[in-house]
Structure formats: C-alpha cells, structure tokens
Amino acid sequence: MIQIDIDADLMLVDDEDRYIGHLPADPSRLHVGGIAIAGRPGGYTWALVEEITDTAVYFRAIEADEARKYGRLELAAS
C-alpha cells in the first residue's frame with residue numbers, strides 16, 4: 001500500500017481547477033512547490049502543492065516525469 005500525503009477526493013476542484021485536499025495532522029512534510037502523493041488508496045496522483053491553508057491543501061495533478069524533475073518518484077510504503 002502507498003503512503004498518501006494528502007487525503008483528497010480527486011473529483012473536487014476549486015474555481016482555478018486545482019484539487020483540494022485535507023490538511024494532514026502533521027503538515028510539516030508539505031510546502032508550496034513541493035511534490036506529494038494525493039488521493040486515496042484506490043486512486044491517487046502525484047501532486048504539485050500550490051497553496052496551504054489552515055484546513056486545506058490546493059494542488060495540481062502532475063505526471064511521474066514531472067515528479068521526477070522535482071526529485072520525488074518513490075512511493076513510500078506505509
């Protein structure tokens with residue numbers, strides 16, 4: 001099983017077509033411009049974090065090639 005960094009319904013987007021996820025209990029690993037894994041175990045994506053608020057994380061889905069450019073391509077096991 002993969003480690004999901006951002007719990008998100010990948011059908012939920014804002015007016016700017018960014019996905020919206022729940023802010024994790026420990027958001028210390030997330031930062032704007034960082035790469036994370038978002039979604040749920042049955043469906044997930046690489047995510048480029050664009051904004052972090054007190055309750056939510058806004059991100060864009062990216063392909064594995066782009067995640068590799070940022071130096072993150074491994075899927076951590078939980």
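Data for the structure
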| item | result |
| --- | --- |
| Checking Gly71 against (1) modelled with pLDDT under 95; (2) touching a strand residue (DSSP E or B) at 6+ places or on another chain (Cβ under 7 Å), the condition it does not meet | (2) |
| Residue tally, condition open to solvent by 50 Å² or more (accessible area, probe 1.4 Å) and over 11 Å from the mean Cα position of the chain (by Cα), over region 33-50 | 2 |
| Pairs, first at positive phi in region 25-44, second open to solvent by 90 Å² or more (accessible area, probe 1.4 Å), C-beta under 9 Å, six or more apart | Gly33/Tyr70 |
| Matching residues, region 1-32, being basic (Lys, Arg) and either open to solvent by 30 Å² or more (accessible area, probe 1.4 Å) or more than 13 Å from the chain's Cα centre (by Cα) (or both) | Arg29 |
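The values are calculated or read from the model by the stated rules, or taken from the named source; none is laboratory data. These numbers come from a predicted model, not from an experiment. Here the Cβ is made from the backbone with ideal geometry for all residues, glycine too, and neighbour counts use every protein chain on show. For the accessible areas, the whole protein counts, side chains as well, though only heavy atoms, and no ligand, DNA or RNA atoms are used. Shrake-Rupley method; radii C 1.70, N 1.55, O 1.52, S 1.80 Å.
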